[in-house]
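Written out below as structure tokens is the structure these notes cover.
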């Protein structure tokens with residue numbers, strides 16, 4: 001006989017955003033559940049072994065101070081620091097086809113750092129561990145969602161029936177899609193999207209350099225796409241010679257780069273990065289994933305909400321994707337908790353629309369800005385090339401404007 005369970009809120013997706021939302025809602029008075037189809041994905045023991053061997057996750061995020069504050073409020077920031085993060089105090093961006101450049105220093109805002117580079121697997125691990133320790137959220141794992149059925153209030157005190165691959169049936173008032181850019185919840189609930197393919201792939205890996213990164217994030221804009229070197233650090237190691245790279249380029253070029261052996265790839269990487277950090281001494285396993293931009297026309301309908309990449313995906317050139325997702329989770333959790341405290345119908349369109357009104361303009365603004373950056377730096381028009389180089393240099397010398405850009409990028413008010 002197939003089991004039937006009832007919950008107030010079910011979160012589908014156990015990535016960083018879904019886990020953080022579940023943790024934010026764990027003691028709000030609602031019966032919360034999370035569907036996790038990766039039962040072994042968050043093993044701290046295995047990750048600690050990798051850390052001893054200086055083995056880094058190829059997928060990293062540049063967490064803003066705002067995201068770090070959210071993680072601190074969830075009680076996971078100190079455990080994450082104890083594992084491994086790398087604060088960066090300086091950021092340099094330059095145009096490959098000219099002399100334009102801009103640099104940002106934390107000291108310009110009287111801050112200790114601009115952000116931290118954290119491995120996605122470590123962030124997920126500390127969030128998952130805290131959620132398991134709290135033991136107030138029911139976790140269905142490993143489970144896969146296969147169907148979502150909308151029902152009316154007349155059929156019971158719930159809005160949705162979720163059917164799992166195991167045959168288990170879950171009834172809930174509110175289902176939240178935190179299941180990434182290919183969100184099944186978004187599709188099953190009928191959300192419309194606007195999306196386009198960048199015709200680019202992002203190559204990610206970890207490299208070891210001969211020169212120290214000096215706690216600096218660096219990004220070179222080329223006509224073929226941006227190349228970023230993000231600083232990494234091993235506890236007790238002062239060499240500062242590990243970097244995570246994100247190299248965005250056309251699929252054909254990405255294919256050729258992936259086909260090279262490590263020595264050939266290192267040589268191409270040095271050339272593309274103008275040897276800013278000297279020789280590339282070692283290259284870890286390379287991965288590539290396609291880049292596209294997507295935005296749901298609506299983030300909510302009655303009884304359903306989307307957060308993170310399920311609602312919006314963005315080009316990784318500024319590393320803002322997970323920060324937007326954390327901001328979604330923080331905003332939605334606050335709105336739901338406020339509704340519960342006031343005994344309002346937290347799953348109603350009226351309440352959920354507050355979340356959409358709060359987050360949609362901010363997400364759209366960041367997406368438009370990133371699309372503009374990509375188009376401007378991809379153009380080989382001589383006039384536009386002169387304009388972007390002049391603009392970078394001009395902004396670099398306009399302290400108030402540069403400080404405002406820094407504050408926005410750091411997620412500060």
| field | So residue 254, is it farther than 20 Å from residue 272 by Cα and in contact with a strand residue (DSSP E or B) (Cβ under 6 Å, 6 or more places away or on another chain) | value | no
| task | Could you tell me which of the residues 405, 376 is surrounded by fewer than 16 Cβ atoms within 10 Å (Cβ to Cβ) and modelled with pLDDT under 70? | result | 405
| Quick check, is residue 206 over 22 Å from the mean Cα position of the chain (by Cα) and in contact (Cβ under 8 Å) with a residue 40 or more places away in the chain? | no
| field | Flag if residue 267 is out of contact with any helix residue (DSSP H, G or I) (no Cβ under 7 Å at 6 or more places or on another chain), surrounded by fewer than 19 Cβ atoms within 10 Å (Cβ to Cβ) and closer than 21 Å to residue 117 by Cβ | value | no
| Looking at the stretch 324-363, which of the residues that are in contact with a strand residue (DSSP E or B) (Cβ under 7 Å, 6 or more places away or on another chain) and in a helix (DSSP H, G or I) is nearest to residue 63 (Cα to Cα)? | 324
| query | Wholly within the stretch 1-112, which strands (runs of 3 or more DSSP E) include no fewer than the required count, namely at least 2 residues that are at pLDDT below 90 and closer than 30 Å to residue 171 by Cβ? | reply | none
| query | With 306, 392, 349 as the choices, which residue is over 15 Å from the mean Cα position of the chain (by Cα) and either under 23 Å from residue 21 (Cα atoms) or at pLDDT 95 or above (or both)? | reply | 349
| query | Inside the stretch 226-238, can you point out the residues that are touching a strand residue (DSSP E or B) at 6+ places or on another chain (Cβ under 6 Å), over 14 Å from residue 117 (Cβ atoms) and surrounded by fewer than 24 Cβ atoms within 10 Å (Cβ to Cβ)? | reply | 227
| said: Restricting to the stretch 176-203, name every residue that is at pLDDT 95 or above and closer than 26 Å to residue 243 by Cα. | reply: 203
| residue 277 versus (1) assigned to a strand (DSSP E or B); (2) crowded, with 19+ Cβ neighbours inside 10 Å: which is the lone unmet condition? | (1)
| query | Quick one: which of 147, 118 is crowded, with 22+ Cβ neighbours inside 10 Å and either modelled with pLDDT of 90 or more or farther than 21 Å from residue 219 by Cβ (or both)? | reply | 118
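The values are calculated or read from the model by the stated rules, or taken from the named source; none is laboratory data. In this text the structure is predicted, and so the values were computed from the model without any measurement. Ideal geometry is used to build each Cβ from the backbone, glycine not excepted, and the neighbour counts take in all protein chains shown.
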